[in-house]
Amino acid sequence: MEFKNDLGKPWKFQDGDFTVVRSSVWSPPGCHPVGCGIKIYVDKDGRLDHIEGDENDPITHGRLCPRCLALKDYVYNPSRVVYPMRRAKEERGNADAWERCTWDEALDLIMDNWKRLTEQHGRETMAIFVGTGRDGMLSQDFQLSIFRTPNLAYTQSGYACYQPRMTASNMVLGALYPELDYAGGLPGGYDDPQYQVPELMILWGKMPLASNPDGFFGHSVIDLMKRGAKLVTIDPRVNWLATRSVVQLRLRNGTDAALAMALCNIIISEDLYDHDFVERWCYGFDEFAERVAYMTPENAAKICEIPVEDIYRVARMYAAAKPASIAWGLAFDQNTNGMQAGHCVLSMICLTGNLDVPGGNVVADLSMPEDLTSEAAAGGAEDFNDTRSFITEGWYQMTEEERGKALGMDKYPLYCNQITGAQADCVLDALETEEPYPVRMAWVANSNLIAPTNSAEPTRWHAAMVKSIEFAFGTDCFITPTIQAVCDVFLPITTVAEHDGVNRTHYGAASITTGCGNKAVTVGEAKCDLEIYCLLAERMAAMFPDDPKACFAHEKYPDYHDYLNKNRLEGRHDFEDVKQLVKFKRAVYYRKYETGKLRPDGQPGFLTPTGRVELWSSQYNDNGMDPLPYYYEPDLSPRIPEKTAEDLNLKKNPRISDELDAKWHERDLSHEEIIEKYPFILSTGHRRYSSFHSEHRQIAVLREIDPNPMLEINPADAERLGLADGQWCEIENMFGKAKYKARLMPTIKQGHVEADHGWWFPEQDGSEPSLFGVWQSNCNDLVPMHHNNALGFGAPYKSACCNVVPLKESYDVDMNAFAEKFGKLV
Amino acid sequence: MPKYALLIDYEYCTGCQSCEVACKEEHNFPVGKWGIRVLDEGPWQKDDAKDEGSCFNWNKIPVPTDLCDLCASRVEDGREPVCVHNCLGDCMRFGTVEEMAAELARKPKQVLWAPTD
């Protein structure tokens with residue numbers, strides 16, 4: 001049969017009574033910036049009627065996940081708040097105390113309090129708490145330009161999401177995270193003559209189907225499998241893709257660096273590497289080879305608890321396949337040795353000649369900074385080591401002295417300059433101790449940081465924020481537990497259907513396409529993040545009309561479309577023009593190290609101090625980290641290391657060892673006792689299709705799919721504990737506890753448990769102390785802060801420890817009552 | 001006699017449940033009612049010498065319910081059912097029973113549903 005389609009239709013067209021707006025979506029609701037193509041059907045009354053995937057999209061071709069299919073239920077959800085609200089400070093935590101106010105009142109309150117508090121304590125007393133996966137978060141440069149505080153605070157311990165991989169890539173390659181090449185930017189896609197389908201794809205610590213991690217369209221893996229690519233999965237659990245893999249390595253959580261070193265060792269010792277590439281483009285090969293030699297495959301097999309023959313097999317398969325690619329995921333960030341594992345993965349890619357070749361791993365182009373005013377743009381080649389100038393502009397509006405006040409800059413300057421903000425764990429220290437100075441004002445911007453998505457030990461964050469913060473405002477679509485707990489003013493933001501926007505896929509790294517979000521409907525008085533930034537910038541300029549820095553943001557971006565044009569589109573396009581394209585591809589070049597496209601000076605090579613791939617990293621060395629990869633047992637591991645880091649001559653974590661010791665002793669348990677009391681390895685962060693981080697829990701059609709927070713456990717472990725499938729249980733350790741419903745899964749490794757991500761319960765009481773039940777299933781309370789590497793990165797979100805105790809009570813949600821409360825759209 | 005059928009390639013159904021949600025939105029089915037559901041068959045361990053991978057059986061198979069009308073009004077308008085249109089794994093096809101039966105013969109691990117007359 002032949003079917004009708006909308007291929008070739010303009011960005012806006014009529015279909016019967018509906019006006020259809022084609023759009024490339026990116027948040028809210030939050031997601032990673034894939035910018036999937038959607039068609040928004042708007043009825044005669046201007047109301048969003050339904051959503052379909054847009055078959056015109058060059059990546060997704062009309063396919064769409066359940067979260068966007070349910071967009072209407074998010075836009076018109078009865079619990080969404082679409083007017084500005086205020087609440088007296090003494091009523092914090094009282095869900096019934098919010099009062100509607102005007103935008104002017106709300107903005108005046110924010111600016112008056114900002115003036116009062118910064119006059120007392122300096123601009124650095126304001127922290128901007130940002131989350132992830134929201135458009136507003138990629139505009140952090142704008143936020144910093146307005147308030148000029150260095151304390152941009154992404155509160156996840158060790159920034160254990162993407163940044164450790166980004167920084168490892170920056171150190172070793174002088175480039176951003178190199179993505180598995182899925183032909184996204186090529187005009188002909190998979191069929192483009194330039195492209196080659198990879199013979200082999202290794203998915204390592206990454207299950208990209210449910211979450212589209214970092215902007216990678218997860219189902220492109222399926223597309224490539226259909227075109228003949230074989231899979232290897234490296235993951236402790238058997239995920240669904242593992243059942244379609246030729247080999248899977250079910251390693252023990254947190255041991256990735258040991259495996260990665262062994263794989264490099266085999267590739268080098270069996271002479272499976274590309275001598276020409278090493279000779280021409282690598283630095284420190286001999287030292288690297290010597291270091292990985294200590295990790296024999298036999299040793300790694302013991303550490304990782306996997307068959308040694310499988311390690312050999314994967315190393316040889318990967319080296320023989322041409323091309324082959326590796327997608328390395330979040331597990332690398334949520335591990336204190338993750339950057340070392342990443343160092344090895346990058347080395348594997350280079351050693352086998354799979355870097356920046358079709359079907360291998362592609363390196364991001366330099367972002368063109370011509371219209372931006374950061375130091376990086378102005379400074380020429382020597383200072384130009386910042387490939388993300390579009391996101392660092394606000395940081396460089398501050399003087400070096402002002403930036404130097406960022407919390408954690410004294411310990412972790414590389415981290416703070418890389419992310420243009422404060423080090424997460426040090427922010428908690430300042431909130432708790434008021435040292436080196438008090439943090440009195442907060443902007444909770446697109447972050448629900450006390451839900452189990454982001455901060456470790458959120459109970460501590462909650463207490464510290466409530467105590468330390470004198471004034472806080474929040475920007476979001478819903479009153480989240482975090483906003484309920486600490487905010488005095490709420491500013492409602494629009495969903496992706498209600499504003500114009502530009503999304504850069506992969507957060508701007510390996511940005512293969514640029515997408516335009518087109519406004520289709522208006523709801524209440526909500527404004528988009530960027531529009532709110534413009535209003536705040538306008539007020540700041542009015543307050544200090546003679547201070548050019550205070551006026552900078554307003555003068556540059558009087559309207560939010562100016563930001564879209566000058567920043568997101570780099571001054572090279574006008575939104576009014578490109579919105580009609582909805583999505584357009586960027587040119588893709590391969591082997592850019594040969595053509596000078598990786599360096600602003602146009603010279604061949606890489607943007608590292610030596611101009612080569614640094615297998616021995618001079619930047620790690622300069623920043624106090626071991627310049628070569630190492631493996632060391634995770635802090636909360638069920639094994640006591642046979643040798644200390646000193647015995648192995650590894651520079652493990654020199655900066656915070658005393659502090660870390662203090663944290664251990666505070667809990668008063670020896671490693672032996674910990675292993676005895678908390679024998680399970682706890683992996684947090686299990687993703688579901690029906691939600692993004694802590695979002696979507698109030699959407700009835702999605703909640704019905706995953707009504708309760710689940711803990712996956714091996715049936716043999718469950719039997720030993722007397723825990724039945726579907727029974728609730730409590731996981732606990734010396735840091736905290738949380739309740740989950742057990743799902744017995746033979747795919748979970750014995751001795752491991754895996755907890756669902758991001759749960760809170762909009763149907764439960766919103767007021768303190770419940771805060772929508774945010775403490776009920778908060779697995780992050782079992783993950784300690786401050787277990788980072790020497791650069792302040794990485795944290796044990798996937799290798800904490802716990803015990804599991806069966807419960808008699810059930811905490812199942814009543815879906816009928818839920819549907820009654822949240823299913824009737826307004 | 002059924003005229004139309006849904007063909008599912010369950011080798012590539014990832015269990016994303018887009019079909020379920022697209023269907024509910026299209027038909028306004030309330031909580032507790034569905035036009036299609038994804039059967040989660042597994043995971044359980046098998047002992048298969050030929051299987052080089054995980055040795056786990058785990059297939060996700062969309063199953064139309066009694067409420068499925070194969071999006072009759074859309075089909076009348078010349079469009080595919082919403083489950084097929086939005087499928088993330090691109091593993092669902094819709095057509096006449098004859099057409100789909102011919103497709104079925106092309107590869108294993110497929111299933112053909114003819115839920116309605």
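The values are calculated or read from the model by the stated rules, or taken from the named source; none is laboratory data. If you're wondering where the values come from, they're calculated on a predicted model, not measured in any experiment. Note: ideal-geometry Cβ built from the backbone for every residue, glycine included; neighbour counts use all protein chains shown.
Here are some notes:
Okay, residues lined up against (1) touching a Ser or Thr at 6+ places or on another chain (Cβ under 9 Å); (2) buried (at least 24 other Cβ atoms within 10 Å of the Cβ); (3) more than 23 Å from residue A:214 (Cβ to Cβ); (4) not assigned by TED's automatic domain parsing to the domain that holds residue A:110:
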{"position": "A:408", "(1), (2), (3), (4)": "no, no, yes, no"}
{"position": "A:420", "(1), (2), (3), (4)": "yes, no, no, no"}
{"position": "A:423", "(1), (2), (3), (4)": "no, yes, no, no"}
{"position": "A:429", "(1), (2), (3), (4)": "no, no, yes, no"}
{"position": "A:438", "(1), (2), (3), (4)": "yes, no, yes, no"}
{"position": "A:457", "(1), (2), (3), (4)": "yes, no, yes, no"}
{"position": "A:467", "(1), (2), (3), (4)": "no, no, yes, no"}
{"position": "A:477", "(1), (2), (3), (4)": "yes, yes, no, no"}
{"position": "A:502", "(1), (2), (3), (4)": "yes, yes, no, yes"}
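- Residue match in the range A:76-87 (condition: outside any loop (DSSP other than H, G, I, E, B) and more than 14 Å from every other protein chain (Cβ to nearest Cβ)): yes
- For the range A:193-245, a tally of residues being at positive phi and not charged (D, E, K, R) returns 4.
- When residues of the range B:21-36 are limited to those that are at the interface with another protein chain (Cβ under 7 Å from one of its Cβ atoms) and surrounded by 24 or more Cβ atoms within 10 Å (Cβ to Cβ), the one farthest from residue A:687 (Cα to Cα): B:24
- Within the range A:313-333, residues that are within 20 Å of residue A:167 (Cα to Cα) have Cβ atoms under 7 Å from residues that are in a helix (DSSP H, G or I) and of a type in the set (D, E, K, R) in these pairs: A:328/A:165; A:331/A:256; A:332/A:165; A:332/A:256; A:333/A:165, counting only partners at least 6 apart in sequence or on another chain.
- Yes/no for residue A:555 being more than 29 Å from the chain's Cα centre (by Cα), surrounded by fewer than 16 Cβ atoms within 10 Å (Cβ to Cβ) and outside any loop (DSSP other than H, G, I, E, B): yes
- Among (1) facing another protein chain (nearest Cβ under 9 Å); (2) surrounded by fewer than 21 Cβ atoms within 10 Å (Cβ to Cβ); (3) outside any strand (DSSP E or B); (4) modelled with pLDDT of 95 or more, the one test that residue B:60 misses: (3)
- Residue within the range A:286-294 that is out of contact with any strand residue (DSSP E or B) (no Cβ under 7 Å at 6 or more places or on another chain), without any contact (Cβ under 8 Å) to a residue 12 or more places away in the chain and under 21 Å from residue A:173 (Cα atoms) present: yes
- Subset of the range A:213-229 (residues that are of a type outside the set (Phe, Trp, Tyr), within 22 Å of residue A:364 (Cα to Cα) and more than 10 Å from every other protein chain (Cβ to nearest Cβ)): A:213, A:214, A:215, A:220, A:224
- Looking only at residues in the range A:1-45 that are within 11 Å of chain B (Cβ to nearest Cβ) and crowded, with 17+ Cβ neighbours inside 10 Å, the one that is nearest to the chain's Cα centre (by Cα) is A:36.
- Conditions (1) in a loop (DSSP other than H, G, I, E, B); (2) acidic (Asp, Glu); (3) surrounded by fewer than 23 Cβ atoms within 10 Å (Cβ to Cβ): number failed by residue A:695: (3)
- Flag if residue A:511 is modelled with pLDDT of 95 or more, assigned to a loop (DSSP other than H, G, I, E, B) and among the polar types (S, T, N, Q): no
- Looking across the range A:790-813, the residues that are surrounded by fewer than 24 Cβ atoms within 10 Å (Cβ to Cβ) and part of a loop (DSSP other than H, G, I, E, B) come down to A:790, A:807, A:808, A:809, A:810, A:811, A:812, A:813.
- Hey, residue A:749 touching a residue at least 24 places away in the same chain (Cβ under 8 Å), outside the structural domain of residue A:48 (by TED's automatic domain parsing) and under 20 Å from residue A:694 (Cα atoms) or not: no
- Residue in the range A:230-249 that is at the interface with another protein chain (Cβ under 9 Å from one of its Cβ atoms), in contact with a strand residue (DSSP E or B) (Cβ under 8 Å, 6 or more places away or on another chain), of a type in the set (A, V, I, L, M) and under 19 Å from residue A:66 (Cβ atoms) present: yes
Yes or no, residue by residue, for (1) crowded, with 18+ Cβ neighbours inside 10 Å; (2) over 20 Å from residue A:697 (Cβ atoms); (3) at pLDDT below 95:
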site	(1), (2), (3)
A:728	yes, no, no
A:735	yes, yes, yes
A:754	yes, no, no
A:778	yes, no, no
A:824	no, no, no
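- Selected residue (criterion: nearest to residue A:127 (Cα to Cα)) from residues of the range A:434-471 that are assigned to a loop (DSSP other than H, G, I, E, B) and more than 26 Å from the chain's Cα centre (by Cα): A:440
- When residues of the range B:74-114 are limited to those that are in a helix (DSSP H, G or I) and facing chain A (nearest Cβ under 10 Å), the one nearest to residue B:39 (Cα to Cα): B:84
- Here the range B:91-117 is the region considered, the condition is being in contact with a helix residue (DSSP H, G or I) (Cβ under 7 Å, 6 or more places away or on another chain) and not hydrophobic (A, V, I, L, M, F, W, C), and the residue that is farthest from residue B:23 (Cα to Cα) is B:110.
- Of the criteria (1) surrounded by fewer than 23 Cβ atoms within 10 Å (Cβ to Cβ); (2) away from chain B (no Cβ under 14 Å), which one residue A:48 fails: (2)
- Residue within the range A:735-750 that is more than 14 Å from every other protein chain (Cβ to nearest Cβ), in a strand (DSSP E or B), in contact with an Asp or Glu (Cβ under 7 Å, 6 or more places away or on another chain) and of a type in the set (Gly, Ala, Ser) present: yes
- Matching residues in the range A:713-764 - criterion: being farther than 23 Å from residue A:235 by Cβ and among the charged types (D, E, K, R): A:719, A:720, A:730, A:732, A:737, A:739, A:763
- Condition check for residue A:190 on (1) touching a residue at least 40 places away in the same chain (Cβ under 8 Å); (2) out of contact with any helix residue (DSSP H, G or I) (no Cβ under 6 Å at 6 or more places or on another chain): one failure, at (1).
- Residues of the range A:83-117 that are closer than 12 Å to residue A:489 by Cα and basic (Lys, Arg): A:86, A:87, A:89, A:92, A:100.
- Cβ-Cβ distances below 6 Å connect the following pairs, each with a first residue in the range A:506-522 that is over 14 Å from residue A:24 (Cα atoms), a second residue that is part of a loop (DSSP other than H, G, I, E, B) and among the aromatic types (Phe, Trp, Tyr), and a separation of six or more residues or different chains: A:509/A:177.
- Scanning the range A:66-85 for residues that are surrounded by 19 or more Cβ atoms within 10 Å (Cβ to Cβ), of a type outside the set (A, V, I, L, M) and farther than 22 Å from residue A:53 by Cβ yields A:80, A:84.
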